[in-house]
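Worksheet for the structure shown next.
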Ligand SMILES: Nc1ncnc2c1ncn2[C@@H]1O[C@H](COP(=O)(O)OP(=O)(O)OP(=O)(O)O)[C@@H](O)[C@H]1O
Ligand SMILES: [Mg+2]
């Protein structure tokens, strides 16, 4: 199995006026292809910071980052955008769907930036909407969908470009537990197909639906353990 | 660079944000609309003034006199100045080169005019044969007073279309009929028309020589009138007429012992001087219209930039999402620019077509004094639209550029 993500001695501080806040103080971590990793830790421990760096939305102050074996260093905005588009899929707590675009149009967006033609975009987007069980909802606007449905649209959108890694920051944070399990069920299914997924979460039950949990504390990884995965499908209906 | 995918993306955005698009478009369209209408009226004003002056021979100079108001060389003020034949003859000799047509005018007060038994209340004026060209009269029957009439002090008269209508039967030919003026029979030799209309057609003309003789005029005249030979340009014509005007005044003041600075004893009306004043006024007004128009355009550009700023602010989160999904900074800038340019162009041309159509269809019906057929130079209008589009692009660029620079994470956090 190939190593999808590898980081060594990663540091990140935020500058706030005269004070500097050292958030990540030397993170060493790697994830193999097909892993489903939960990142836990108390609020402010730097989970989102880490995920944003992994997602090329932010840059570390020092340390090494290899994504799918490529060294990520000194990327300009354009290059970073290209990598994000090609290698990464994002799922956010607040869904981040474009509200004037239908579910289908939202899902086609990463393909638009990949330069895929319209027909092919729609075909692929429909395929992924079907996979998350929203085929019938493809022409609805986000505000006509429930929270769980919105998050499933976001998952389809993260998947549609067939990225190497999917990064999810508190993807169940805005959902009730039943809906959370439905969403995790989808996550587990796409992980079963071999996708590498990193999930930031506060919730123990969600973390235990992953295959591995790492705990962040005081800017370092305090614990890193493989666990026995709980299947979300057991909790759905 | 015709990228169909980009166009589809833009049409999508426009279709789903109708109000925003409409407001942006409206501010551009109304800017262009106001500018074109203003420029159109500027042109109309110019046409109108040009038309007004085209009616009379446009390089006409007219002299009349009043009493002196200043003491000069021992003469008291309040002395009436009387023009005489010798003045006319002197000027004729002195300015032979410059003059085109000339005529002294002797106005007769309270002349009793009869046609058969009917009293006619029109004024009678004695003139030279050149007067026809000075006052720009055209003949609708017969002929005007000629040189021979003048030299022989013939008892002939020219009447107007108006008099013919009012005095003669419809199918009666007035030429060769006789009018009785102060008990003397005058033969009608022609009928004139004046572009100035009825007001200018209240006059009956007879040779000045006859008038002076019959009405005890001796060598007195009331007015002197001239036209100058045409010059090759308007400015040269003005120059020539001002020179002539000056020379003429100088001579008359010396001949009649009038103070050089007496404001009202000897007066001239110089049509080119008047025309120049009007043209200057029109130029000023056109400048003003341009100024207002350009201010309007600037206001339009500011409006568009403002809307673009709000739009971009409004779309910060969307821009963050697009960037997270792989949009490059330039594609964000291009998207916003493309969209704003498209909207500016469509509404700019819309405003242009609408305002040009209004000028085209309503222009010919507009009948305000001094405004004639307002219209606008198409090239000027097109250029303005392009300027506006360019301005729209520049106006759109900065917000777009700023948007593309926003950190993706910050943008995603935007509410
Ligand atoms: N842009 C920023 N500027 C300054 N400080 C920041 C910035 N982003 C995060 N921080 C700080 O860095 C620390 C880590 O933030 P981060 O968002 O990574 O925490 P987190 O583990 O995701 O917390 P939560 O569970 O609440 O989401 C926090 O103390 C936060 O206040
Ligand atoms: Mg967080």
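The values are calculated or read from the model by the stated rules, or taken from the named source; none is laboratory data. Note that the coordinates shown come from a computational prediction; the quantities given were computed from them, not determined experimentally. Ideal geometry is used to build each Cβ from the backbone, glycine not excepted, and the neighbour counts take in all protein chains shown.
Observations on the model:
- Those residues of region A:63-80 which are within 7 Å of chain B (Cβ to nearest Cβ) and in contact (Cβ under 8 Å) with a residue 24 or more places away in the chain, in sequence order: none
- Hey, residue B:162 touching a residue at least 12 places away in the same chain (Cβ under 8 Å), part of a strand (DSSP E or B) and in the same structural domain as residue B:131 (by TED's automatic domain parsing) or not: no
- Taken over region A:1-18, the criterion of being within 16 Å of ligand 1 (Cβ to nearest atom) and away from every other protein chain (no Cβ under 14 Å) is satisfied by A:7, A:10, A:11, A:13, A:16, A:17, A:18.
- Looking only at region B:152-209, residues that are at pLDDT below 90 and buried (at least 23 other Cβ atoms within 10 Å of the Cβ) come to 0 in all.
- Of the criteria (1) assigned to a strand (DSSP E or B); (2) within 16 Å of ligand 2 (Cβ to nearest atom), which one residue A:30 fails: (2)
- Scanning region A:144-170 for residues that are part of a loop (DSSP other than H, G, I, E, B), touching a helix residue (DSSP H, G or I) at 6+ places or on another chain (Cβ under 7 Å), at pLDDT 90 or above and within 14 Å of chain B (Cβ to nearest Cβ) turns up A:161, A:163.
- Number of residues in region B:259-284 that are over 30 Å from residue B:69 (Cβ atoms) and surrounded by 17 or more Cβ atoms within 10 Å (Cβ to Cβ) equals 2.
- Condition check for residue A:21: within 16 Å of ligand 1 (Cβ to nearest atom), surrounded by fewer than 21 Cβ atoms within 10 Å (Cβ to Cβ) and modelled with pLDDT under 95: yes
- Among all residues of region B:325-348, there is at least one that is within 14 Å of another protein chain (Cβ to nearest Cβ), at pLDDT 80 or above and either touching a strand residue (DSSP E or B) at 6+ places or on another chain (Cβ under 9 Å) or within 16 Å of ligand 2 (Cβ to nearest atom) (or both).
- Complete set of residues in region A:195-217 that are within 14 Å of ligand 1 (Cβ to nearest atom), touching a residue at least 40 places away in the same chain (Cβ under 8 Å) and outside any helix (DSSP H, G or I): A:198, A:199, A:200, A:201, A:202, A:214, A:215, A:216, A:217
Condition check ((1) under 22 Å from residue B:391 (Cα atoms); (2) touching a residue at least 12 places away in the same chain (Cβ under 8 Å); (3) not in a loop (DSSP other than H, G, I, E, B)) across all residues:
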site	(1), (2), (3)
B:21	yes, yes, yes
B:37	yes, yes, yes
B:45	no, yes, yes
B:63	no, yes, yes
B:78	no, no, no
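- Matching residues, region B:235-258, being more than 26 Å from residue B:129 (Cα to Cα), surrounded by 14 or more Cβ atoms within 10 Å (Cβ to Cβ) and free of Cβ contacts under 8 Å to residues at least 40 places away in the same chain: B:253
- Qualifying residue in region B:116-134 (condition: without any contact (Cβ under 8 Å) to a residue 24 or more places away in the chain, closer than 30 Å to residue B:185 by Cα and either part of a strand (DSSP E or B) or not assigned by TED's automatic domain parsing to the domain that holds residue B:209 (or both)): yes
- Meets criteria (touching a strand residue (DSSP E or B) at 6+ places or on another chain (Cβ under 7 Å), touching a residue at least 24 places away in the same chain (Cβ under 8 Å) and either closer than 17 Å to residue B:103 by Cα or in a helix (DSSP H, G or I) (or both)) for residue B:179: no
- The single residue among B:373, B:379 that is more than 16 Å from ligand 1 (Cβ to nearest atom), part of a loop (DSSP other than H, G, I, E, B) and either more than 20 Å from residue B:321 (Cα to Cα) or touching a strand residue (DSSP E or B) at 6+ places or on another chain (Cβ under 8 Å) (or both) turns out to be B:373.
- Taking the conditions (1) within 18 Å of residue A:169 (Cα to Cα); (2) within 16 Å of ligand 2 (Cβ to nearest atom); (3) away from chain B (no Cβ under 14 Å); (4) touching a strand residue (DSSP E or B) at 6+ places or on another chain (Cβ under 9 Å) in turn, residue A:57 satisfies each one other than (3).
- In the set (1) away from chain B (no Cβ under 14 Å); (2) surrounded by 14 or more Cβ atoms within 10 Å (Cβ to Cβ); (3) under 22 Å from residue B:406 (Cα atoms); (4) within 12 Å of ligand 1 (Cβ to nearest atom), the condition left unmet by residue A:40 is number (3).
- For residue A:99: the one exception among (1) modelled with pLDDT under 95; (2) more than 23 Å from residue B:315 (Cα to Cα); (3) surrounded by fewer than 17 Cβ atoms within 10 Å (Cβ to Cβ); (4) more than 16 Å from ligand 2 (Cβ to nearest atom): (2)
- Residues in region A:43-76 that are surrounded by fewer than 16 Cβ atoms within 10 Å (Cβ to Cβ) and either closer than 26 Å to residue A:114 by Cα or within 11 Å of ligand 1 (Cβ to nearest atom) (or both): A:43, A:44, A:59, A:69, A:70, A:71, A:73, A:74, A:75, A:76.
- Pair list, Cβ < 7 Å and 6+ apart or interchain, from region B:4-16 residues that are facing another protein chain (nearest Cβ under 8 Å) to residues that are modelled with pLDDT of 80 or more and not in a helix (DSSP H, G or I): B:16/A:100
- Residue A:211 vs. criteria surrounded by fewer than 20 Cβ atoms within 10 Å (Cβ to Cβ) and touching a strand residue (DSSP E or B) at 6+ places or on another chain (Cβ under 8 Å): yes
- Members of region A:87-143 that are assigned to a helix (DSSP H, G or I), more than 11 Å from chain B (Cβ to nearest Cβ) and under 19 Å from residue B:13 (Cβ atoms): A:103, A:104, A:122, A:125, A:142, A:143
- Count of region A:149-177 residues which are surrounded by fewer than 19 Cβ atoms within 10 Å (Cβ to Cβ) and under 17 Å from the mean Cα position of the chain (by Cα): 4
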